[in-house]
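Here is the structure we will look at.
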Amino acid sequence: MTKPRVAFFSFSSCEGCQLVVLTIEEQLLELVKLIDIVSFREAMSEKSDEYDIAFVEGSITRTSEIERLKTIRETAKTVIALGACATIGGINCLKNQFEMNKVKDIVYGEMADNYDTIPARPIEAVIKVDYRIQGCPIDKDEFIEVTKAILIGKKPRIPDYPVCVECQMKENVCLFEKGMVCLGPVTRAGCKAICPTYNDGCVGCRGLIDDPNLSSHKNLLSEHGLTVDEAISQYMMFGGNSKEKYK
Amino acid sequence: MHDFHVGIEHITRVEGHGNIIIDVKEGKIRELRMDIVESPRFFEAMALGRSYKEVAHITSRICGICAVTHTTTSIKAIESALGFEPSIQTIKLRKLLLNAEFIQSHILHVYFLTAPDFFRVSSVFGMVKDNKETVLRGMRLKSLANELCALVGGRHIHPITLKIGCFSKNPEQKDLIAFKEKIIKARPEIEKTVEFFRNLKTPEFERETEYVSLTCPDEYALYDGNIKSSDNGETKPADYLDKVKEFMVRHATAKHAKANRDSYMVGALARFNNNYEHLHPRAKEVAEEMGLKHPCYNPYMNNIAQVVETVHCFEDSISLIDDLLSNGLQDEKAELTPKAGRGVGATEAPRGTLYHEHKLDENGKITYGNYVIPTGQNLANIENDLKSLVPKILNKQKDDIILDIEMLVRAYDPCISCATHLMKVEFVNE
C-alpha cells in the first residue's frame, strides 16, 4: 500500500499549531512510518507539490493567499483546517474592527499605501474544508485522534458539547461562582477545559458549539457586570470573523 | 565561482517565510538581500480599545515558539503602566517559566533545525537512520522543557497561568520537587548534548559587530535589566527608543533596526558576549569545552551559545525551584486599578531582546501598542554578515556556498512570523 502523502501549510499565524505537531515528538516518529510528510517548511527542506492530505494553519489576510489556498484545495483530496486562525479566523480578525485603510494607517502612517491587506478570514471562507481541528493552539491529543481517524478512513469524532461538560468532569469549581467570567458554556469542548482548570476563563478559542444558547449566556455575563458590547467583544477575541452571529 | 545567482525561496527550517537573493558578477556582489515575505498581521492595531487585562491573550499569539516571552513582556509593560510591582514569588515563577521556554526553543533549534545541516540531510527525519539516539535525546530534552512549561504555565504554547499581577494558579510543590529530580537525572543527557555539538565543525568566519542585550548587575539577564550595547553602555527599558532605531527597507516586510552602527546582533551570542561573567559556572565550563571563547565574533557560534545557555537555564532552574520551595508557595491575588499611563516591558526572548510598549487610558483601555521583535533587529546584521561572508567563500562549489549561507541565516534562529507582525509587502519576481 502506498503511504498517503501529507503536507503542512501556513498562512497568517504564529505557526504555534505546527509547533504542537512537532511536540508529539516520539509519536511523530511512529506517525511518519504511516505517512510521507512531503512538505513541512518549519521542520524540513524537502518539498513536493503532490500530496493527498493538506493541513492548513493560519488565516487569509492577503489577496495573493487566496490563489495559493485554492491551489492547495485543488491538489489535496483532504483539507484539514488547523487551529483557530484557520477554523474561525482567530485573533487576526481583530483588525477587521477597523477599515483596512485605517489599520494600515495605524501601523504604517504615511507609508500605508505600500501595504496589501484584506480583512482576515478563516480558510473556510475561501475553500471547502473537510475537517477542522479547533483551538489556539490545537490540542495534540485531538490532532493525533483526528489524524488517525482520517488515515483509517473514519470520520473523526469532534465534540459538539460545551467546555462546561469537560470542566465539570474535572470537578472544577465553576468560575462564575468565583465571580469570574467564562465562555465555557457556549464554546466547543475538546480542550479538556484547560483554561478554567488553571483558573482562567475560557476565551472561546475553539469556536461556538453548533447550537449555542447565546442569549442565556449573555444574561449570565451581564449578571457578572459585562455590558452587551463587552460580552460580544469577548466572543470576538478569537471568533471575530462575523459579529452578526453573536447578536 | 565568479558569477552566480542564488535565489533561495522560502528558506526552510526557520519559523516564517523568507527568501535570500544573491547576485555575484566577476567576483563582486551586485545584489544581496534577505527578502521577508511573511504576511502582515497588524498586531499594533489588534489590541486597540481592549482592556489591559486582555492584551496578553493577543500579544502571546505573535509567536508560537516564544509565547512565554511575549506574554511576560506584555504583562511587564502593563504592570509598569499601572505602577504595579509583582511579588518576589511571582518573579521567580516567571523566571522559571522563561528558563523552560529558553530550553525548549534552544533545543528545538540546535537539534531539529540546525543539526541536519551538519549531516547534509534535509530534516531531522533524515537523521533518524544514522543518528536515532541523538534525535531521541533531542526529543526527550525538549519534552522535559515542555513539561516544565506546562507545570508552571499550564501549557507550553500560549501559557495560561501567566497573568498581570500574579499567577492564576501555582504549580504544586510536590510537582516542583519531582521536576527538580528529573532535571538532575537529565544531566547526563545534557552532557551528551555538549559532546555532540562539540564534535560538529562550525564554519570559520568572524565579523565583529555591535552586541545588544539586557544586563543585570547580579545575574545573567533574561527576565529583566537595562539595555546594554557592547559599544556604548546602558539604557533604561523605558527609553528603548533612544537605543533601538527601527527602519523600513523595500525588500522586507519586517522592520529592521540599528543602534550605534548600521546593524547590531541580539540573541544568545550577544548575551554571552555582554554578560559572560554571570553565566552559571557549569555553563562557562561547557563553553570552553565546545571552543566558545569570550568574546566571540563568529555568528555561526550562536548555535553553541544556545547550548551554553541551555546548560545555564537547567542549572538556574534547579536554584529557582530550591528557592521557591524553601519559602513555600503562597496563593496570591493581585489588586489592580486601571489608570492612564505608559509602560515598556523588555525581556530576553530566546532570539534576543524583546520590547513591548503600551499606553492606557484612565479606564485601562489600550490606546497604543508597539512591539520590537528580536528577529527584526537581527535582519540588517544578517545581511551585513552575508556581505562579508560571500566574497570569502566564492572558491567553493555552488552547493557548498548555498549551504554556508543557509547555515548562517539559520544560526540566527530567525523567527519571521514574529518579526512581521507588521510588514511591507513586495513580491520578488526572479
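The values are calculated or read from the model by the stated rules, or taken from the named source; none is laboratory data. A quick note: this is a predicted structure, and the numbers were derived from the prediction, not measured. All Cβ positions, even for glycine, are placed from backbone atoms using ideal geometry, and neighbour counts span all protein chains on display. Accessible surface areas use protein heavy atoms only, side chains included; no ligands, DNA or RNA. Shrake-Rupley method; radii C 1.70, N 1.55, O 1.52, S 1.80 Å.
Consider the range A:7-28 and keep the residues that are over 10 Å from residue A:137 (Cα atoms) and small (Gly, Ala, Ser). The one that is nearest to the other protein chains (Cβ to nearest Cβ) is A:12. Of all the criteria given as (1) away from chain B (no Cβ under 14 Å); (2) open to solvent by less than 80 Å² (accessible area, probe 1.4 Å), the one not satisfied by residue A:172 is (1).
Just one of the listed residues (B:212, B:249, B:194) is in a helix (DSSP H, G or I), open to solvent by less than 70 Å² (accessible area, probe 1.4 Å) and farther than 23 Å from residue B:323 by Cβ, and it is B:194.
Entry remark, the range B:54-94: residues being in contact (Cβ under 8 Å) with a residue 24 or more places away in the chain and in a loop (DSSP other than H, G, I, E, B) number 8 in total. For residue B:315, all conditions in the list (1) open to solvent by 20 Å² or more (accessible area, probe 1.4 Å); (2) more than 22 Å from residue B:101 (Cβ to Cβ); (3) within 26 Å of the chain's Cα centre (by Cα) hold save one; what is the number of the exception? Unmet condition: (2). For residue A:130, the stated conditions do not hold, so it cannot be described as of a type outside the set (Gly, Ala, Ser), within 14 Å of chain B (Cβ to nearest Cβ) and touching a strand residue (DSSP E or B) at 6+ places or on another chain (Cβ under 9 Å).
Of all residues in the range A:229-244, exactly one satisfies the criterion of being within 10 Å of another protein chain (Cβ to nearest Cβ) and surrounded by fewer than 16 Cβ atoms within 10 Å (Cβ to Cβ), namely A:230. Being over 28 Å from the mean Cα position of the chain (by Cα), modelled with pLDDT under 95, open to solvent by 10 Å² or more (accessible area, probe 1.4 Å) and not assigned by TED's automatic domain parsing to the domain that holds residue B:112 narrows it down to one of B:335, B:430, B:426, so name that one. Testing whether each residue is over 28 Å from the mean Cα position of the chain (by Cα), modelled with pLDDT under 95, open to solvent by 10 Å² or more (accessible area, probe 1.4 Å) and not assigned by TED's automatic domain parsing to the domain that holds residue B:112 leaves just B:430. Return the residues of the range A:86-118 that are modelled with pLDDT of 75 or more and either facing chain B (nearest Cβ under 7 Å) or within 16 Å of residue B:62 (Cβ to Cβ) (or both); say none if nothing qualifies. If the condition is that a residue be modelled with pLDDT of 75 or more and either facing chain B (nearest Cβ under 7 Å) or within 16 Å of residue B:62 (Cβ to Cβ) (or both), then A:90, A:91, A:92, A:93, A:94, A:95, A:98, A:103, A:106, A:116, A:117 are the ones that fit.
Among the residues of the range B:139-150, the one identified as facing chain A (nearest Cβ under 9 Å), of a type outside the set (Ser, Thr, Tyr) and open to solvent by 30 Å² or more (accessible area, probe 1.4 Å) is B:140.
For (1) touching a Pro at 6+ places or on another chain (Cβ under 8 Å); (2) acidic (Asp, Glu); (3) free of Cβ contacts under 8 Å to residues at least 12 places away in the same chain; (4) over 28 Å from residue B:332 (Cβ atoms), each residue gets a yes or a no:
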position: A:177; (1), (2), (3), (4): no, yes, yes, no
position: A:189; (1), (2), (3), (4): yes, no, no, yes
position: A:197; (1), (2), (3), (4): no, no, no, no
position: A:238; (1), (2), (3), (4): no, no, no, no
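Scanning the range B:58-82 for residues that are crowded, with 24+ Cβ neighbours inside 10 Å, of a type in the set (A, V, I, L, M) and within 12 Å of chain A (Cβ to nearest Cβ) gives B:62, B:65, B:67, B:68.
In the range A:146-165 there is at least one residue that is within 14 Å of chain B (Cβ to nearest Cβ), farther than 20 Å from residue A:79 by Cβ, touching a helix residue (DSSP H, G or I) at 6+ places or on another chain (Cβ under 6 Å) and at pLDDT 90 or above. Of all the numbered requirements in (1) open to solvent by 10 Å² or more (accessible area, probe 1.4 Å); (2) within 8 Å of chain A (Cβ to nearest Cβ), residue B:27 misses one, and that requirement is (2). How about the range B:351-370: which of its residues are buried (at least 22 other Cβ atoms within 10 Å of the Cβ) and either among the charged types (D, E, K, R) or within 15 Å of the chain's Cα centre (by Cα) (or both)? Across the range B:351-370, the qualifying residues are B:351, B:352, B:353, B:354, B:355, B:356, B:357. Can you tell me which residue in the range B:114-138 is farthest from the other protein chains (Cβ to nearest Cβ), limited to those that are closer than 30 Å to residue A:194 by Cα and open to solvent by 10 Å² or more (accessible area, probe 1.4 Å)? Looking at the filtered set, the residue picked out is B:137.
Sort through B:363, B:378, B:384, B:370 and tell me the only one that's touching a residue at least 24 places away in the same chain (Cβ under 8 Å), assigned by TED's automatic domain parsing to the domain that holds residue B:245 and in contact with a Ser or Thr (Cβ under 6 Å, 6 or more places away or on another chain). Criteria check complete, one pass: B:384. Scanning the range B:151-166 for residues that are part of a helix (DSSP H, G or I) and more than 10 Å from chain A (Cβ to nearest Cβ) turns up B:151, B:152.
The set of residues in the range A:182-228 being open to solvent by 10 Å² or more (accessible area, probe 1.4 Å), charged (D, E, K, R) and not in a strand (DSSP E or B) consists of A:192, A:200, A:210, A:211, A:218, A:223. From the list B:165, B:154, the lone residue that is at pLDDT 95 or above, touching a Pro at 6+ places or on another chain (Cβ under 7 Å) and not acidic (Asp, Glu) is B:165.
Reported count of residues in the range A:172-187, each being more than 17 Å from residue A:216 (Cα to Cα) and at pLDDT 95 or above, is 2. In a residue-by-residue description of the range B:34-43, the property of being within 11 Å of chain A (Cβ to nearest Cβ), part of a strand (DSSP E or B) and crowded, with 24+ Cβ neighbours inside 10 Å applies to no position. Count of the range B:338-350 residues, restricted to those that are out of contact with any helix residue (DSSP H, G or I) (no Cβ under 6 Å at 6 or more places or on another chain) and either open to solvent by less than 10 Å² (accessible area, probe 1.4 Å) or of a type outside the set (D, E, K, R) (or both), is 3.
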